[in-house]
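Colleague: Below: one structure in structure tokens.
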Amino acid sequence: MDAAQALTDLREISSQIQAAVVLDADGQKLGSTLDGSRGDDFAQASRELLAAVGRAAGREPVQAEISLGGGSVFLVKDGERAIVATTAPEPTVGLVFYDLKSCLRALGEKPKPKPRPRKKKEETPDAAA
């Protein structure tokens, strides 16, 4: 699944997510719920946030919530990709983390092949006819 579809699915299942961006292992934006320069600015701020959390903790972050007066910022990293999202005040923390991790997992899934059409059974004439 590509990042755009994964983020669309995320927005459909999680009413708490206001904005989100997915970054690759090099910090490049794979997709964002924000358009144009707003998405680019959010991706840059997300890269800086991931780096700052890593420096503060002394190791690579796996997940974090930063609670702000007007909402929260969540980050989840799975090694290959990271997702950073904003929410309204007082989000359901466990559910937001679950939804973000599900989004990252969906990005790692290979597209399922289309099923092959079934062959029609040939009618065999009745022996008694």
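The values are calculated or read from the model by the stated rules, or taken from the named source; none is laboratory data. This one's a predicted model, so the numbers in the text were calculated from it and none came from an experiment. Backbone-built Cβ (ideal geometry, glycine too); neighbour counts: all protein chains shown. The area values use the complete protein model at the heavy-atom level, side chains included, leaving out ligands, DNA and RNA. Shrake-Rupley method; radii C 1.70, N 1.55, O 1.52, S 1.80 Å.
Colleague: Does at least one position in the stretch 3-13 carry a residue that is free of Cβ contacts under 8 Å to residues at least 60 places away in the same chain and touching a strand residue (DSSP E or B) at 6+ places or on another chain (Cβ under 7 Å)?
Modeller: yes
Colleague: Taking Gly31, is it in contact with a strand residue (DSSP E or B) (Cβ under 6 Å, 6 or more places away or on another chain), in a helix (DSSP H, G or I) and under 21 Å from Asp99 (Cα atoms)?
Modeller: Considered against the rule, which asks whether it is in contact with a strand residue (DSSP E or B) (Cβ under 6 Å, 6 or more places away or on another chain), in a helix (DSSP H, G or I) and under 21 Å from Asp99 (Cα atoms), Gly31 comes out as no.
Colleague: Then there's this: I'm trying to understand the selection: among the residues of the stretch 66-92, which are surrounded by fewer than 15 Cβ atoms within 10 Å (Cβ to Cβ) and either assigned to a strand (DSSP E or B) or in contact (Cβ under 8 Å) with a residue 24 or more places away in the chain (or both)?
Modeller: Ile66, Ser67, Leu68, Gly79, Glu80, Ala88, Thr92
Colleague: Return yes when Glu48 is farther than 17 Å from Ala20 by Cα and open to solvent by 80 Å² or more (accessible area, probe 1.4 Å) and no when it is not.
Modeller: no
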